[in-house]
Amino acid sequence: ASGANDFAFRLSAQLLSGKEAENFVCSPYSVWLPLAALVNATDDDSQDALLTALGAQGITTEDINLAASRMLYDLTKERNHEYEPETHNPLKIANAIFVDQDALIKSQFVQTYADYYRGQAISVDFSSPHAVSAVNQWASEHTDGLIEELVQEFDPHTVAAIANAIYFSDRWEWEFKTEQTTENTFYGSNGESRAPFMLREGDNQTYYEDDLLQAMPLRFKSGGSLYILLPKDGDAAGLFASMDDAYFTEIQRDSLQASGKLLLPRFPIDSGLIPMREALETLGIPLFDQQAAALTNGLIEGDSPI
């Protein structure tokens, strides 16, 4: 988990670069999990590099499968059957690999993907526009219709595409009151603006502060938190660049219960499609070199290029 968290911060820092004035949403876990699954299909020359990039250097394929499975069930709280299928589970995670109808995916990967990642293999015709529709329909079905365009097009020579979808919906444990929301000045990276500020005031607020930042969690009713991190120098990109699992753990461990007032601007967070390739290559993911063909022998039967 610590390695996955480090990957999350490194990926976020890469994606945030050049976007200082923009909000964007990314789930690093949605990137980490499919890549962890592909460790099972990567040739020996590339496997160590992939594990290192994922923050899992030095562990075996079986170990990362077990870790990914435990993380998956712990995050969705299905390990202890806290949420039954017919009840509302605030977090849903789905995995799938779409394989061209003329290719044959290796049965060992299909079994491992199902056993540890709850992933399904789905046959599509990548030479047809219906492949895009199939992937987008799958994403919509697993996000209650919120994500309707996961992909826009495929190269007709595509052999396989791996996908992850996450859906989360919950309420704050300590909810903000509408009548206490007031207009105030927001000091953003691209200047000042007026914004509606939500208010939460009282005792027993979890709070952390050091020379670099102020931080506090907004807890969800189902458990877990959204952490608000406010860099004192206003440099969000710089904060992400310096953040790692050890620092984030310190923030959580050393937080105190305090009385105070939280003023938080009300804002939507949304994103369009975010290209990942450049960021992943920078992080050392060794799956984009067509000459190396790292997945050729581990995923598809025969000599189909990937």
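Odds and ends about this structure:
- Options (1) 1.09; (2) 0.99; (3) 0.95 - which one matches Rg/Rh (Cα atoms, Kirkwood Rh) as calculated here: (2)
- For the chain, the fraction of 1.4 Å probe accessible surface lying on carbon and sulfur atoms is 48 percent.
- With a cut-off of 10 Å between beta carbons, the residues surrounding S2 carry a summed charge of -3, where Lys and Arg count +1 and Asp and Glu -1.
- Within the full protein context, the accessible area of V132 is estimated at about 30 Å² for a probe radius of 1.4 Å.
- Using a cutoff of 8 angstrom between alpha carbon atoms and counting only pairs six or more residues apart, the relative contact order for region 41-196 works out to 20 percent.
- Residue (of Y187, A8, S123) at the positive-pole extreme of the chain, dipole from beta-carbon charges: Y187
- Computed from the Cβ-Cβ distance with R0 of 25 Å, the FRET efficiency linking Y227 to T185 stands at 0.60.
- For region 268-274, the Karplus equation 6.51 cos²θ - 1.76 cosθ + 1.60, evaluated at θ = phi - 60°, returns couplings of x, 10, 8, 8, x, 5, 10 Hz by residue, with Gly and Pro reported as x.
- Using C-alpha pairs under 8 Å with a sequence gap of at least 6, the mean separation divided by the residue count of the chain gives a relative contact order of 24 percent.
- GNM result for the chain, Cα springs below 10 Å: residue of L239, L256, L33 fluctuating most strongly: L256
- Å² per residue, accessible surface of region 109-263 at 1.4 Å: 60
- Residues with amide H under 5 Å from that of S222, placed H, sequence gap 5 or more: R171
- GNM flexibility winner over the chain from I93, I59, I162 (Cα, springs under 10 Å): I59
- A cut-off under 9 angstrom between Cβ atoms defines the neighbours of A195, and their net charge, with Lys, Arg +1 and Asp, Glu -1, is +1.
The values are calculated or read from the model by the stated rules, or taken from the named source; none is laboratory data. Everything quoted here is computed from the prediction, not taken from an experiment. Here the Cβ is made from the backbone with ideal geometry for all residues, glycine too, and neighbour counts use every protein chain on show. Each accessible area value is taken on the protein alone, full model and side chains, heavy atoms only, with ligands, DNA and RNA left out. Shrake-Rupley method; radii C 1.70, N 1.55, O 1.52, S 1.80 Å.
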